[in-house]
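The values are calculated or read from the model by the stated rules, or taken from the named source; none is laboratory data. All values derive from a computational prediction rather than experimental measurement. Positions of Cβ are backbone-derived with ideal geometry, glycine not excepted, and every protein chain shown enters the neighbour counts.
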Amino acid sequence: MKRPKPSYVVRPETAVLTRGFDPRLSVGSARPAVFRSSTYVFSSPESAARAFDIALGRARPAVGESVDLIYSRLSHPNAEILEDQIVPLEQGASAAAVFNSGMAAISTLLLTFCPPGTALVHSTPLYGGTQLLLRSLLEPLGVRTIAVDAGDTAGLAVAIASTAKLRLVFVETPANPTLRMTDIRSAVESARRHPDAPLVAVDNTFLGPSFQHPLQLGADLAVYSATKYLAGFSDMLAGVVLARDGGLVATLRGMRAVLGNILQPDECWLLNTRLVTVPLRMNRQSKNAQRIAEAIASHPAVRRVHYPSLETDPEQCRIRDAQCDYPGGIVTLDLHGGRPAAFTFLRGLRIAKNAVSLGGVESLACHPRTTTHSEMTLEELDRAGVTEGMVRLSVGIEDWRDLLADVRAALDAIAPAG
Ligand SMILES: *Cc1c(COP(=O)(O)O)cnc(C)c1O
């Protein structure tokens with residue numbers, strides 16, 4: 001008698017090392033090989049026809065059927081390995097699609113699910129590129145966009161309930177750079193009550209996949225700039241979308257083949273090697289950031305430190321406790337003395353580098369109002385709370401005592417402590 005395979009459930013850190021890669025398909029290599037081909041040789045003309053039927057949605061693969069690869073813009077082995085191996089990191093995901101940047105992932109998602117004549121509700125502020133995409137491409141194409149301030153739970157519910165032809169609710173939480181949190185579960189509940197059954201997508205770049213789990217909270221899609229924490233070394237661009245429903249991912253892959261923005265084999269291989277250390281890096285970054293945020297909150301140069309564990313607003317604390325496991329590696333300082341103070345601080349840093357981007361093993365700092373958020377109007381910046389004295393710090397994996405000394409010295413250059 002054939003014994004059933006023992007079923008076992010492992011945690012994400014184990015699954016990412018043991019699931020989704022079959023060494024036999026890489027001539028026994030313990031880690032994936034790189035397949036750089038642009039095109040694949042068919043096993044027979046019939047298999048070629050079958051592969052096209054499946055790729056173009058005219059047929060569905062049978063259980064256990066091995067389908068020939070076609071052409072790398074559609075898919076390739078390294079994309080498939082990466083997509084299988086990243087799924088265990090995102091709680092609740094069943095499938096993933098990889099793109100050649102975070103913006104490629106976001107633009108493909110919006111173009112796929114928000115056709116002309118439909119509407120989209122989103123939190124604000126958004127990542128600058130996403131905001132520009134809405135304004136310069138989606139709106140001219142005839143997609144109505146409705147913005148709701150980050151953290152405004154009641155406002156988001158009203159906007160969702162009162163928007164006709166709503167196809168997508170797009171939430172970025174915590175917001176960049178203010179770290180204001182938006183209630184994912186409440187957005188999902190409002191979307192479920194809407195007659196058009198809009199999808200809910202969460203840009204989970206800042207806290208995911210280790211500390212925030214949108215799919216577990218009911219969201220349909222989790223979106224990443226994998227350039228940040230997933231890749232983790234500030235040396236590549238990538239984007240990922242994960243979903244509970246594999247059908248949504250299949251639809252996205254179809255649009256990806258049309259737009260031609262799949263992640264290339266070498267980049268897939270590189271990102272694949274980084275997945276196994278995501279929880280290690282993110283845990284260290286969050287611990288470092290928390291120690292620094294808490295230590296400098298009372299420095300005389302500091303007006304306020306924006307950081308989830310230092311939050312005092314009851315509604316923000318409620319959202320944090322409901323959806324964030326740990327506060328994460330981004331600390332935003334609001335300094336007394338406006339832009340001159342912020343620039344003095346940036347010039348004074350010796351370890352943290354003055355650069356945009358975030359999530360890498362090295363600490364980075366920037367002035368959002370004049371860089372990452374300079375596309376916004378002055379009115380939008382003020383409304384979103386992006387002040388002249390604001391500096392966003394992406395905390396790396398250096399020794400936190402050295403980082404704290406670096407930040408303190410740069411703060412002392414503005415206003416010496418005691
Ligand atoms: C960086 C970033 C993006 C865009 O990702 P790219 O990889 O730079 O294209 C989108 N959303 C957030 C929150 C980001 O930080």
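The residue that is farthest from the chain's Cα centre (by Cα), among those in the stretch 366-413 that are modelled with pLDDT under 95 and of a type in the set (D, E, K, R), is Glu379. Of the residues examined, Phe99 is not one that is of a type in the set (Phe, Trp, Tyr), in contact (Cβ under 8 Å) with a residue 24 or more places away in the chain and farther than 23 Å from Leu17 by Cα.
Give the residues of the stretch 383-417 that are of a type outside the set (A, V, I, L, M, F, W, C) and not in a helix (DSSP H, G or I), sorted by residue number.
Residues of the stretch 383-417 that are of a type outside the set (A, V, I, L, M, F, W, C), as a first pass: 383, 385, 387-389, 392, 394, 396, 398-399, 401-402, 406, 408, 412, 416.
The answer is Gly385, Thr387, Glu388, Gly389, Arg392, Ser394, Gly396, Glu398, Asp399, Pro416.
Rundown of residues vs (1) outside any loop (DSSP other than H, G, I, E, B); (2) surrounded by 13 or more Cβ atoms within 10 Å (Cβ to Cβ); (3) outside the structural domain of His213 (by TED's automatic domain parsing), yes/no style:
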position	(1), (2), (3)
Gly20	no, yes, no
Leu25	yes, yes, no
Arg31	no, no, no
Phe52	yes, yes, no
Leu74	no, yes, no
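Exactly one residue out of Ala289, Ala191, Ala201, Ala222 is of a type outside the set (D, E, K, R), touching a strand residue (DSSP E or B) at 6+ places or on another chain (Cβ under 6 Å), within 16 Å of the ligand (Cβ to nearest atom) and part of a helix (DSSP H, G or I): that is Ala289. Residues in the stretch 12-60 that are at pLDDT below 90, of a type outside the set (A, V, I, L, M, F, W, C) and in contact with a helix residue (DSSP H, G or I) (Cβ under 6 Å, 6 or more places away or on another chain): Pro12, Glu13, Arg19, Gly20.
If I go through the stretch 89-122 residue by residue, how many of them are within 15 Å of the ligand (Cβ to nearest atom), part of a loop (DSSP other than H, G, I, E, B) and out of contact with any strand residue (DSSP E or B) (no Cβ under 6 Å at 6 or more places or on another chain)? Residues flagged as within 15 Å of the ligand (Cβ to nearest atom), part of a loop (DSSP other than H, G, I, E, B) and out of contact with any strand residue (DSSP E or B) (no Cβ under 6 Å at 6 or more places or on another chain) within the stretch 89-122 amount to 1.
Within the stretch 312-342, the set of residues being out of contact with any strand residue (DSSP E or B) (no Cβ under 9 Å at 6 or more places or on another chain), among the hydrophobic types (A, V, I, L, M, F, W, C) and outside any loop (DSSP other than H, G, I, E, B) comprises Cys317, Ile319, Ala322.
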